[in-house]
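The values are calculated or read from the model by the stated rules, or taken from the named source; none is laboratory data. Predicted model, so just to flag it, every value in this text is computed and none were measured. Please note: Cβ atoms are built from the backbone with ideal geometry, for glycine as well, and neighbour counts cover all protein chains shown. Please note that ligands, DNA and RNA were not included when accessible areas were found on the heavy atoms of the full protein model with its side chains. Shrake-Rupley method; radii C 1.70, N 1.55, O 1.52, S 1.80 Å.
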Amino acid sequence: MQPPRLLWRLSQARECALELTSQKPGMVPPPPGEESQTVILPPGWQSYLSPQGRRYYVNTTTNETTWERPSSSPGIPASPGSHRSSLPPTVNGYHASGTPAHPPETAHMSVRKSTGDSQNLGSSSPSKKQSKENTITINCVTFPHPDTMPEQQLLKPTEWSYCDYFWADRKDPQGNGTVAGFELLLQKQLKGKQMQKEMSEFIRERIKIEEDYAKNLAKLSQNSLASQEEGSLGEAWAQVKKSLADEAEVHLKFSAKLHSEVEKPLMNFRENFKKDMKKCDHHIADLRKQLASRYASVEKARKALTERQRDLEMKTQQLEIKLSNKTEEDIKKARRKSTQAGDDLMRCVDLYNQAQSKWFEEMVTTTLELERLEVERVEMIRQHLCQYTQLRHETDMFNQSTVEPVDQLLRKVDPAKDRELWVREHKTGNIRPVDMEI
């Protein structure tokens, strides 16, 4: 469970991400005094000009929009062919409670800046919009535009945390493709696991050397060379050979402890780590695929809306040339289709933002978990290497203890005493020879 403070930061960051991916249109107020020169609008209605100079009307209470002037008499439209669309408030920058909404056929303009007739409403209100100039989409992920990027606070500003620095993809040095930031973190984790395995193999080689050394010492201690040395020196020599056997025992114990206290823990730590990392990788990859799918849907819906708008504009021009019931009916159908296309785009953008928020949350959670696992791995290895050095010191102490008796006996070596003992045991007579008499 994440700390409340971090959850608050994640919530703030998520809201910021949603704000960057959502875009609100501004409104163009009518020229001063223009409305007063015409018939007064019914209560709750206001008029606005689109960027193309066409007037439309907004009910600020219900958020209804229409190209036709509302009648001052309830239930009677000002002219035939009027169309109203009740568009509920959304979080994607298309409608907001108490804020004038834009006409249905320009609903997508707050999502993406277009050229020609498809222009962004609200160009006179930059503080209330998030146009494409303010965002950039890379590999289906929406980021703030570098030229207009607002300052973003790091999730963990006092640390070089994984959750703050691996959102973008990086060009693959081996080819023309890209590598996701999360993939780099995953590769680091797997590399750490491999390094841990190689450390374990290194310790195993050290154990093998210790075992071979112990066997050779034990074998050498049984060698009969110089076994006939006598006296105090002979005792010291015998102790030297015995110390080899004692030292061999010390190294055998050292190798056994290395195996149980260092090598085995290193080898068995997170046995299923690679498998768990693959699951984690698949999970994040699936979220990226979902995000890419949502982005494709947005682009498809945006294209469909553009086509519907073009069709509506064409039919509107035909109406101006020749007034007929058939043309008016075609315009009504085109408006309905344009409105539906705008609603579809709004829904696709909303689903895209949801998918990106989900990916964002899982990225933060997973990268923090990878960070924790890395710290845990490094600390575990450090502790076991400290155990290795401790065992090494103990082995040196035991080795020292095996040669202490040798040192003591060597200090007692007395050639004169040895000679006395040997003479007493082996003497043949102390009468010296004399000269022969004649």
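Return yes when residue 410 is crowded, with 18+ Cβ neighbours inside 10 Å and of a type outside the set (Phe, Trp, Tyr) and no when it is not.
So residue 410 fails the test.
Out of all the residues in segment 214-265, which are among the polar types (S, T, N, Q) and within 45 Å of the chain's Cα centre (by Cα)?
Those that are among the polar types (S, T, N, Q) and within 45 Å of the chain's Cα centre (by Cα): 255, 260.
So which residues in segment 254-306 are within 27 Å of residue 166 (Cβ to Cβ), open to solvent by less than 20 Å² (accessible area, probe 1.4 Å) and of a type outside the set (Phe, Trp, Tyr)?
277, 284, 287, 291, 298
Can you name the residue in segment 423-438 that is open to solvent by 100 Å² or more (accessible area, probe 1.4 Å) and β-branched (Val, Ile, Thr) and is also farthest from residue 230 (Cα to Cα) among such residues?
The qualifying residue farthest from residue 230 (Cα to Cα) is 438.
What are the pairs with Cβ atoms under 6 angstrom where one residue, in segment 348-360, is under 16 Å from residue 182 (Cα atoms) and the other, located anywhere, is modelled with pLDDT of 95 or more and surrounded by 21 or more Cβ atoms within 10 Å (Cβ to Cβ)? Sequence gap at least six, or different chains.
So the pair list comes out as 356/291; 359/291.
Any residue in segment 152-170 that's within 21 Å of residue 183 (Cα to Cα) and touching a residue at least 12 places away in the same chain (Cβ under 8 Å): show its pairings with residues that are in a loop (DSSP other than H, G, I, E, B) and open to solvent by 40 Å² or more (accessible area, probe 1.4 Å) at Cβ separation under 7 Å, as long as the two are six or more apart or on different chains.
Once the first residue is within 21 Å of residue 183 (Cα to Cα) and touching a residue at least 12 places away in the same chain (Cβ under 8 Å) and sits in segment 152-170, its partners that are in a loop (DSSP other than H, G, I, E, B) and open to solvent by 40 Å² or more (accessible area, probe 1.4 Å) give 169/139.
Between a first residue in segment 294-307 that is farther than 15 Å from residue 335 by Cβ and a second residue that is among the aliphatic types (A, V, I, L, M) and open to solvent by 40 Å² or more (accessible area, probe 1.4 Å), which pairs have beta carbons less than 6 Å apart while being 6 or more apart in sequence or on different chains?
Close Cβ pairs satisfying both conditions: 294/351.
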